[in-house]
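Have a look at the structure below before the remarks.
No lab work stands behind these numbers, since they all come straight from the coordinates. Note that the structure is predicted; figures quoted are calculated from it, not measured. Ideal geometry is used to build each Cβ from the backbone, glycine not excepted, and the neighbour counts take in all protein chains shown.
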There are 2 protein chains.
Amino acid sequence: MSRTADPIRALVSQLSRLPGIGERTAMRLVHHLLRQDRALLHALAEALVDVADHVHECSRCCTLTANAGACSVCDDHRRDDTVLCVVSTIQDMAAIEATSEFRGRYHVLHGTISPLDGTRPDDLRLQPLLARLHGDDKAVREIILATPPSVDGEATALYLARLLGPHGIALSRIASGVPVGGDLQFADKPTLARAIALRRSM
Amino acid sequence: MSRTADPIRALVSQLSRLPGIGERTAMRLVHHLLRQDRALLHALAEALVDVADHVHECSRCCTLTANAGACSVCDDHRRDDTVLCVVSTIQDMAAIEATSEFRGRYHVLHGTISPLDGTRPDDLRLQPLLARLHGDDKAVREIILATPPSVDGEATALYLARLLGPHGIALSRIASGVPVGGDLQFADKPTLARAIALRRSM
């Protein structure tokens, strides 16, 4: 373990590289940590090392997991093998899991196609997705494109639709419109416009 | 190094104990960290362990330091031994150091007397301060009470004034009023009231 001249400064500099944490916030965090039991600092350090050493991409759905091979969702034999939900990030996967509405499988792309950010299709986990559909996941009958309803997310969904179209699997896109419980007057214009354009008969 | 079932969840829970970091922010930080090189996670963990293992209170002024005995300010023989600045926190000490205006010694109380928070005089580093004045720091001619100009800070300064009065050392209090470059119309009422009450002839 290297020993720098000023460990407090070193830790502040490490922390201030995190998003949303400036030098002042980092300083406040370090001083908070210094007021705690030193065991808590060690616990935090161990949690970091644990993540660094044991978290990797699931061999099947590309989510991040500490399981040896596949993640707990992929390992769960009670899940529906016929529906596959494609998401951009593991946070989005976690958000869908939290609804308890979806019992199928997932695939995490780790990004969206974004010409502005320089994220190209090759940067996404598309090859593992195609490999799944040709390999272990031949049972898939429907693929839900659950990339976000943003410009990049829509572009990614469109790209996926073209890529997956020839596979003869039903494709669907998550609904987009005014949030449940949301007020129409506070909805932004594009959302409200889409809610009207994509209205459904009842 | 203990291995929990879900290292990501464990790290999120560790981070969300920090002030100003809720579960959602912690999740965002962890996902940011996961996108980085794993070496950076190890570097952050090492910085934490380094602080936990090497930072302790200075044997003289009670600031936090990684030096073996006294801190770099106490070790600096060019500092003025006749003036001692008493501050509440090491952040306040760092703020005064950053001005380059003060070349004397410091003493860090690690708090202010606060009946509401339950911080009593015994919880502050007062005994080390008295020990200094009777021991190595007999040269002190002036003590600047630089506790914050808040209710607790003023109470602490008053307590210190009574405690240190009998030592025959000149006591002073940092000036309080409208900040330099500050607009009078935006100054809060107590600050403006004090600026008028503590006006100086010119």
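With the cut-off at 28 Å, report for chain A the share of all Cα pairs above it, as a whole percent. Distances greater than 28 Å cover 46 percent of the Cα pairs. Residues whose amide H falls under 5 Å from that of B:T119, counting only those 5 or more places apart or on a different chain, are B:S114, with hydrogens built in the peptide plane. Label sites at B:R162 and A:S16, each approximated as a point 7 angstrom past Cα along Cα to Cβ, lie 4.1 nm apart. Take B:M202, push a point 7 Å out from Cα through the beta-carbon direction, and compare it with the same point in every other copy: 7.0 nm, smallest first.
DSSP beta bridges fully contained in region A:76-173 are about 10 percent antiparallel. In order along region B:9-23, the phi-based Karplus estimate (6.51 cos²θ - 1.76 cosθ + 1.60, θ = phi - 60°) of 3J(HN,Hα) comes to 4, 4, 5, 4, 5, 5, 5, 6, 7, 6, x, x, 10, x, 4 Hz; Gly and Pro are listed as x.
The Cα atoms of region A:7-54 give a gyration tensor whose axes a ≥ b ≥ c have a/c of 1.5 or more with a/b no greater than b/c, which makes the shape oblate. Inter-label distance, B:D122 to B:S172: 3.5 nm, where each label sits 7 Å from its Cα along the C-beta direction.
Taken about its Cα centre, region A:7-54 carries a charge dipole of about 340 debye when Lys and Arg each add +1 at the Cβ and Asp and Glu each add -1 at the Cβ. From largest to smallest, the equivalent ellipsoid semi-axes obtained for region B:79-173 from the alpha-carbon gyration tensor read 20, 16, 11 Å.
Go ahead and run the numbers for FRET between B:A193 and A:A39, Cβ-Cβ distance against an R0 of 45 Å, rounding to 0.05.
On the way: r = 46 Å, r/R0 = 1.03.
In this case the efficiency is close to 0.45.
Starting with the fewest neighbours, write out B:T25, B:T112 ranked by other beta-carbon atoms found within 10 Å of each beta-carbon.
The most exposed by this proxy come first: B:T25, B:T112.
Residues in region B:126-135 carry Karplus couplings, in order, of 8, 4, x, 5, 4, 4, 4, 5, 8, x Hz; the curve used is 6.51 cos²θ - 1.76 cosθ + 1.60 with θ = phi - 60°, and Gly or Pro positions show x. Other residues with beta-carbon under 10 Å from the beta-carbon of B:Y106 carry, at +1 per Lys or Arg and -1 per Asp or Glu, a net charge of +1. Given B:G182, B:L126, B:T82, which one lies farthest toward the positive end of the charge dipole of chain B, if we put +1 on the Cβ of every Lys and Arg and -1 on the Cβ of every Asp and Glu? Positive-most Cα among the choices belongs to B:G182. Remark on A:Y106: its backbone amide H falls under 5 Å from those of A:C85, a criterion applied only to residues 5 or more positions apart or on other chains, H modelled at 1.01 Å from N.
The distance between label points at A:V151 and A:A68 comes to 4.7 nm (points 7 Å beyond Cα on the Cα→Cβ vector).
If you take every residue apart from A:G182 with its C-beta less than 15 Å away from the C-beta of A:G182, what net charge results, scoring Lys and Arg +1 and Asp and Glu -1? Write down the numbers at each step before the final one.
Values: positive: A:K189, A:R194; negative: A:D183, A:D188.
Within the 15 Å Cβ shell, the charges total 0.
Fully extending the segment from A:S59 to A:A131, taken as 0.36 nm per residue of separation minus the present Cα-Cα distance, adds 24.8 nm.
Basic side chains Lys and Arg get +1 at the Cβ, acidic Asp and Glu get -1 at the Cβ, and with that the dipole of the protein assembly as shown about its Cα centre reaches some 660 debye. Taking amide H as placed 1.01 Å from N in the peptide plane, the amide H of A:L64 sits under 5 Å from that of A:C58, each at least 5 places away or on another chain. Shape class of region A:43-92 from the Cα gyration tensor (axes a ≥ b ≥ c, square roots of the eigenvalues): prolate, since a/c reaches 1.5 or more and a/b is larger than b/c. Take every Cα pair under 8 Å whose residues are at least 6 apart in sequence, average their separation, divide by the length of chain B, and the relative contact order is 13 percent. Taking a straight Cα-Cα cut-off under 17 Å and skipping sequence neighbours fewer than 8 places away in the same chain, no lysines fall within cross-link reach of A:K189.
For the protein assembly as shown, the Stokes-Einstein estimate of translational diffusion at 10 °C and a viscosity of 1.306 mPa s comes to 61 µm²/s, using the Kirkwood hydrodynamic radius over alpha-carbon pairs. For A:R200 and B:L184, a Förster radius of 41 Å and the Cβ-Cβ distance give a FRET efficiency of 0.10, rounded to the nearest 0.05.
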